[in-house]
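This is the structure, below, for whatever I ask next.
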Amino acid sequence: MATYDKTHDPGKNNELLTQIAGKQVDLKEAIQETERLFEQCRQTPHSPIFEKAQSLPFSEKIKERLFRLTAKRSRILEPARIHVDGEGKVIPDWKDKLDQEYVRLIENIKTEVNVVDYGAIGDGKTDCTAAFKKAIGKGRVKVIVPPGVFITKEIRLPSWTWVMGSGKGTTTIKLHDQASKGTRLITNTNHGRGNHHLLVKGMSLDWNVERLGDEAKTSTWGNHSSCLTYANVTYGWVKDVEGINPGLHCFDISSTLYNYAGDGYRAHGGSQYVWLDHVTGFGFGDDGITTHHSEYIFISNSHMCDPSGRSHRQGFSNSNGIEVDDGSRNVLLVNNSSARCFGGVEIKAHQNSSAASNVQIVGHISVHDNRAFNFRHIGHHKITDTESKSAFNIMAVNLAAISPIFTELYNDSTPRGMVVSAYKNVVVNHFTLVGDPDYDYKGNPVIALQYRARNVILNNISVTDFNKAGAVIKVYGGENRADSIKIRNCSSEKIKIGSEVQDFNIENSESAKVYF
């Protein structure tokens, strides 16, 4: 089996998915089927949730009101459509718009310069901060960064800027030993007013975490401490870039500020129309790739592995390969992979923010992640929590979860192939789960549908070699039960339905043994 380490080529993920599933999934047909099932979800009224809601503490109410000064009301958008183009590639329906803006970027580049001509020396010693600043100027420029290791205290990109290296591992931009902990290695110049038309391509970005020594926490706050942060960027591209050991994230597609004004609100200044392709990363303190309060984001052919988890308290590291977080909307993930993270793909929100919505995954390989796929709105799970206003609409096609494991990143978290909590309208189609027959899963379920999840369809589910697990699919009951669940074409022999679950349906799964 492929090692899925930092040298893994995610361009092979589509081929590897076929090998793992033991079949070639017709993506066009599978996507169409998934969309039909999704429409069934949206048209099916879910069973009511009777809350015993407790009010927030006074301090939390004050915090939310302060954040609302820089927030706006959120709403659920119509989900973007996805297509399979003539070359068999899965793309969002808004990609034409992004391609047109890419042409505009090229047309508006007036000058091509080499950073060496401005005094940069790629010797891994010389401070090149001033050279980059002079080369970039006010934008409308393509800056060539040749082979070498270029030290800088930060690089800021104005609109209409293209920074071009000679390839990962050949061109490296590395953070200066004297850079503060909160430094972003590359970011846009104006997070408040925003920037547009930015391209970073063909390089490694080394956040130089070693400069912090044994310091326990490697990040400061908000969207700081990352290799690359696009904050309030419209029309952005990141291609063939590697993130190395950031204090927080390898790649953060963000708003001006993270916002915690409460469920039903989003931040101003979110990024829009951004494509990350063939990006890789490792050693991240929190997440490899993350999005916050941003929309129309496309992440493809990328791989994230082996986080340090050092932005969290030891043993409580929610460090995910790819995280679609607070207030993000219309995000498409295609043919990505993750390994040895807490979550392979996490779609979520914090209690005091709107959940990510309209998220689509087509092809993802999770290897030895603790929770391969984790969909949740934190703080909206218990019967005493308010029902989520925003956790809606997830479609996933052609997923693979390989041997989820216990992890030191999060000591008390049990392994799962998938967890769905609080979300409504979730369809998962063609999901292959392969366990380790000798690994002790301690009787835990492989797939958990729980904590007020509603309108969930699992279709074409193949599960093997979880010999020491409990139920392969467990629908949790009780007051905060999951409900309105449909399971179709499942190879599992062990499906457990919890008490008080009122609406479930199992189809075309003759070998399934359902117990209560």
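The values are calculated or read from the model by the stated rules, or taken from the named source; none is laboratory data. Predicted model, so just to flag it, every value in this text is computed and none were measured. Don't worry about glycine lacking a Cβ; one is built from the backbone with ideal geometry, like all the others, and counts go over all protein chains shown. Surface accessibility is based on the protein's heavy atoms, side chains included, excluding ligands, DNA and RNA. Shrake-Rupley method; radii C 1.70, N 1.55, O 1.52, S 1.80 Å.
Only one residue in THR170, THR187 is closer than 28 Å to GLN272 by Cα and either within 24 Å of the chain's Cα centre (by Cα) or in contact (Cβ under 8 Å) with a residue 12 or more places away in the chain (or both), so which one is that?
Sole residue among the options that is closer than 28 Å to GLN272 by Cα and either within 24 Å of the chain's Cα centre (by Cα) or in contact (Cβ under 8 Å) with a residue 12 or more places away in the chain (or both): THR187.
Now a separate question. Are there any strands (runs of 3 or more DSSP E) wholly within region 405-516 with 1 or more residues that are without any contact (Cβ under 8 Å) to a residue 60 or more places away in the chain and basic (Lys, Arg), and if so which?
Where strands (runs of 3 or more DSSP E) fall fully within region 405-516 and carry at least 1 residues being without any contact (Cβ under 8 Å) to a residue 60 or more places away in the chain and basic (Lys, Arg), they are 416-421, 473-475, 483-490, 494-497, 513-515.
In addition: Identify, please: which residue in region 24-52 is among the basic types (Lys, Arg) and open to solvent by 90 Å² or more (accessible area, probe 1.4 Å) and is, among those, modelled with the lowest pLDDT?
LYS52
Kindly list, by first and then second residue, each pair from a residue in region 88-102 that is more than 15 Å from LEU333 (Cα to Cα) and acidic (Asp, Glu) to a residue that is assigned to a strand (DSSP E or B) and modelled with pLDDT of 95 or more, limited to pairs with Cβ atoms under 6 Å and residues at least 6 apart or on different chains.
GLU101/TYR235
Moving on to the next point. Which of the residues belonging to region 451-470 are open to solvent by less than 20 Å² (accessible area, probe 1.4 Å) and more than 20 Å from ALA21 (Cα to Cα)?
ARG452, ALA453, ARG454, ASN455, VAL456, ALA469, GLY470
Okay, moving on. Please find, among HIS196, HIS249, HIS176, the residue that is open to solvent by 10 Å² or more (accessible area, probe 1.4 Å) and closer than 25 Å to HIS312 by Cα. So that I can check it myself, show each step before the final result.
On the way: HIS196 fails: closer than 25 Å to HIS312 by Cα; HIS249 fails: open to solvent by 10 Å² or more (accessible area, probe 1.4 Å).
Exactly one of HIS196, HIS249, HIS176 is open to solvent by 10 Å² or more (accessible area, probe 1.4 Å) and closer than 25 Å to HIS312 by Cα, namely HIS176.
Results for (1) touching a residue at least 40 places away in the same chain (Cβ under 8 Å); (2) more than 27 Å from GLY327 (Cβ to Cβ), shown as yes or no for each residue.
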{"residue": "ALA30", "(1), (2)": "yes, yes"}
{"residue": "PRO57", "(1), (2)": "no, no"}
{"residue": "GLU64", "(1), (2)": "yes, no"}
{"residue": "ALA71", "(1), (2)": "yes, no"}
{"residue": "SER74", "(1), (2)": "yes, no"}
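Name the residue that is farthest from GLY139 (Cα to Cα), counting only residues in region 94-121 that are loosely packed, with under 13 Cβ neighbours inside 10 Å and touching a strand residue (DSSP E or B) at 6+ places or on another chain (Cβ under 6 Å).
In this case the residue turns out to be GLU112.
Moving on to the next point. Tell me, which residue of region 253-262 that is touching a His at 6+ places or on another chain (Cβ under 7 Å) and crowded, with 24+ Cβ neighbours inside 10 Å is farthest from LEU69 (Cα to Cα)?
Filtering region 253-262 for residues that are touching a His at 6+ places or on another chain (Cβ under 7 Å) and crowded, with 24+ Cβ neighbours inside 10 Å, the one farthest from LEU69 (Cα to Cα) comes out as SER254.
Rundown of residues vs (1) over 30 Å from GLY22 (Cα atoms); (2) open to solvent by 10 Å² or more (accessible area, probe 1.4 Å); (3) not in a loop (DSSP other than H, G, I, E, B), yes/no style:
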position	(1), (2), (3)
VAL331	no, no, yes
VAL345	no, no, yes
GLN351	yes, yes, no
ALA355	yes, no, no
ILE361	no, no, yes
ASN374	no, no, yes
LYS389	yes, yes, no
ILE394	no, no, yes
LEU399	no, no, yes
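Tell me the residue from GLU35, GLU15, GLU60 that is assigned to a helix (DSSP H, G or I), of a type outside the set (Phe, Trp, Tyr) and within 20 Å of VAL427 (Cα to Cα), please. Show your work before the answer.
Working: GLU15 fails: within 20 Å of VAL427 (Cα to Cα); GLU60 fails: within 20 Å of VAL427 (Cα to Cα).
Sole residue among the options that is assigned to a helix (DSSP H, G or I), of a type outside the set (Phe, Trp, Tyr) and within 20 Å of VAL427 (Cα to Cα): GLU35.
Additional query: Return the residue satisfying two criteria in turn: it lies in region 129-148 and is within 12 Å of MET203 (Cβ to Cβ) and either assigned to a strand (DSSP E or B) or among the hydroxyl-bearing types (Ser, Thr, Tyr) (or both), and of such residues it is least open to solvent (accessible area, probe 1.4 Å).
Here the answer is VAL143.
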